[in-house]
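Supplied in structure tokens, the structure appears directly below.
The values are calculated or read from the model by the stated rules, or taken from the named source; none is laboratory data. Model, not experiment: these values are computed from the prediction. Cβ atoms come from the backbone with ideal geometry, glycine included; neighbour counts cover every protein chain shown. These accessible areas exclude ligands, DNA and RNA; they are computed on the full protein's heavy atoms, side chains included. Shrake-Rupley method; radii C 1.70, N 1.55, O 1.52, S 1.80 Å.
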Amino acid sequence: MIMWKKLFAWLDERLGLNDLYKATLDRPEPKGNWWNTLGSASLFLFLLQGATGIFLSVYYTPSPDHAYDSIQYIMNDVAFGWLIRGIHHWGATLMVLVVFIHMIRVFVTASYKYPRELTWLIGVGLLICTLGMGFTGYLLPWDQKAYWATTVATSIAGSVPWVGPFILKVLRGGTDLSALTLSRFFAAHIWMLPAALAGLIGIHLYLIIKHGESAFPGKDD
Amino acid sequence: MAGSHHISRREFITLTTAAVGTFIGAVVGLPAIAYLIAPALKASTTDAWIPLGKLATYEVGKPTLVTFTRSKVNGWEKTVNSYGVFVVRKSDTDVVVFSNKCTHLGCHVNWNADKQEYICPCHDGQFGIDGNVLGGPPPRPLDRYSGDKVEIKDGTLLIHFMEG
């Protein structure tokens, strides 16, 4: 016990662990409210999706020839593959849900007002990225549902006046849903969107720590 | 609170959070390890009795090349590998079968009837009709099927083929 304390003191002196803890986790909070935990819940789900997603990429192959078969392999032949994919599948739905409720909470309690306008704007970016993750991830199993859902959704994007056909071709990597669509959705799903999410989460958290959490509006507000 | 049996609200929250966190970590973490090492735990060797046709059709004393293919499923991909063996019939009932894979680096050896030896085209390894090394770099004789690895059933020659 003494040794651990010494080790911790040594590390703390060099890393400033206590200061870090106080600044990030031991912040003063307004009166506790469960609705205020939805941001942390979103963050937890993001990390869970990241971890299970990394594990899925061990076996998943983003090519039309092998995408479906590789997922069948994960589900049937890999130990706990059903669990890892199950968590990723349901976690995705839950994350969209939690992020939405989080947004509604912030809206209803008017927490987006001065000085937290930027926190809200970053949050909008996070919401869009989360939806983008859902959209791109949905194609990856490359089954009938995935194929036609993406066909329909990219067609909707293609109905924008003037630039629609161009947007559709950018999304699909050509006029048709093809191997190019699958690989670019995969790249967006595991690299671009997660990187954007991670960066925006960093700014979002910084702003929350900087401004503190907004108090729940009382009767006078 | 030091020395007291009661724990503070803050200590309780810390402990509960740590316990729940450890539990969630274990529920996800332990299966994750099994998930990663799963392919390594699968049996990698397969064996089969490969029929090589009627023994009577093989000429006595003349090594004859027979090829066959085996398919293997790795994950979601099926590969077909072809293999070759030399059937050497010594007498009406006595037969020995050699793999055509050179024991040096795995090239396929050919039977040279003039020299009466197997010659590897890659590095000129030479084996006698009994599979023994006559010259060149091969470290050991050709792999052979004899004894309980060979069976003759109703006149058909079979070898016990091991893979992996």
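Send over the semi-axes of chain B's equivalent ellipsoid, whole angstrom and largest first, taken as the square roots of 5 times the C-alpha gyration tensor eigenvalues.
61, 19, 13
Could you tell me the ratio Rg/Rh of the protein assembly as shown? Both radii from Cα atoms, Rh via Kirkwood.
Dividing the radius of gyration by the Kirkwood radius yields 1.20.
Roughly how many Å² is the accessible area per residue of the protein assembly as shown, as a whole number, for a 1.4 Å probe?
Roughly 63 Å² per residue, with all protein chains present.
Determine the shape class of the stretch A:1-105: with a ≥ b ≥ c the square roots of the Cα gyration tensor eigenvalues, call it rounded for a/c under 1.5, and otherwise prolate if a/b is greater than b/c, oblate otherwise.
Oblate.
In what order, largest first, do A:13, B:163 sit by accessible area if the probe radius is 1.4 Å?
Correct descending sequence by accessible area is A:13, B:163.
Give the accessible area for residue A:37 in Å² (nearest 10); use a 1.4 Å probe, count only protein heavy atoms, and leave out ligands, DNA and RNA.
Residue A:37 exposes around 60 Å² with every protein chain in place.
A follow-up question, please. Based on the Kirkwood radius over alpha-carbon pairs, what value in µm²/s does the Stokes-Einstein equation return for the translational diffusion coefficient of the stretch A:111-221 at 4 °C and 1.567 mPa s?
Approximately 80 µm²/s, per Stokes-Einstein.
Next up: Please report how far the C-alpha centroid of the stretch B:64-131 lies from that of the stretch A:1-50, rounded to the nearest whole angstrom.
65 Å
Would you give the gap between the C-alpha center of the stretch A:131-151 and the C-alpha center of the stretch A:102-130, rounded to a whole Å?
Value for the Cα centre distance between the two parts: 27 Å.
For the pair residue B:33/residue B:65, report the inter-label distance in nm, with labels modelled 7 Å from Cα in the Cβ direction.
Spacing of the two 7 Å Cα→Cβ label points: 5.0 nm.
When chain B is modelled as a GNM with alpha-carbon springs shorter than 10 Å, which of B:26, B:38, B:56 fluctuates the most?
Of B:26, B:38, B:56, the most mobile in the Gaussian network model is B:26.
Something else now. By how many nm would the segment from residue A:104 to residue A:131 lengthen if fully extended, with 0.36 nm per residue of separation less the alpha-carbon distance?
8.2 nm
To the nearest hundred square angstrom, how large is the accessible surface buried between A and B, total for both chains, probe 1.4 angstrom?
That pair hides around 1600 Å² of surface in total.
Please compute the Kirkwood hydrodynamic radius over the stretch A:1-54, one decimal place, Å, based on all pairs of different Cα atoms.
14.1 Å
Further, regarding this structure: Binned at 10 Å from 0, what are the whole-percent values of the Cα-Cα distance distribution for chain A, short to long?
Distribution as computed: 7, 26, 26, 22, 14, 4, 1, 0 percent.
Counting only protein heavy atoms, probe 1.4 Å: which residues of the stretch B:70-96 lose 10 Å² or more of accessible surface in the full assembly compared with their chain by itself?
B:75, B:76, B:77
Quick one: among B:39, B:138, B:31, which has the greatest mean-square fluctuation in a GNM of chain B with alpha-carbon springs under 10 angstrom?
B:31
On a 0 to 90° scale, report how tilted helix B:9-41 is relative to the longest principal axis of chain B, with both axes built from alpha carbons and the result rounded to the nearest 10.
10 degrees
Using a 1.4 Å probe on the heavy atoms of the protein chains only, list every residue of the stretch A:73-100 that has 40 Å² or more less accessible area in the complete assembly than in its chain alone.
Flagged in the stretch A:73-100: A:73, A:79, A:80, A:84.
Got a number for carbon plus sulfur as a percent of the protein assembly as shown's accessible area, 1.4 Å probe? The partial results should precede the final answer.
Details: 15850 of 24220 Å².
That fraction is 65 percent.
Could you calculate the FRET efficiency of residue A:17 with residue B:23 from 1/(1 + (r/R0)^6), where r is the beta carbon distance between them and R0 is 41 Å, rounded to 0.05?
For R0 = 41 Å, the calculated efficiency reads 0.95.
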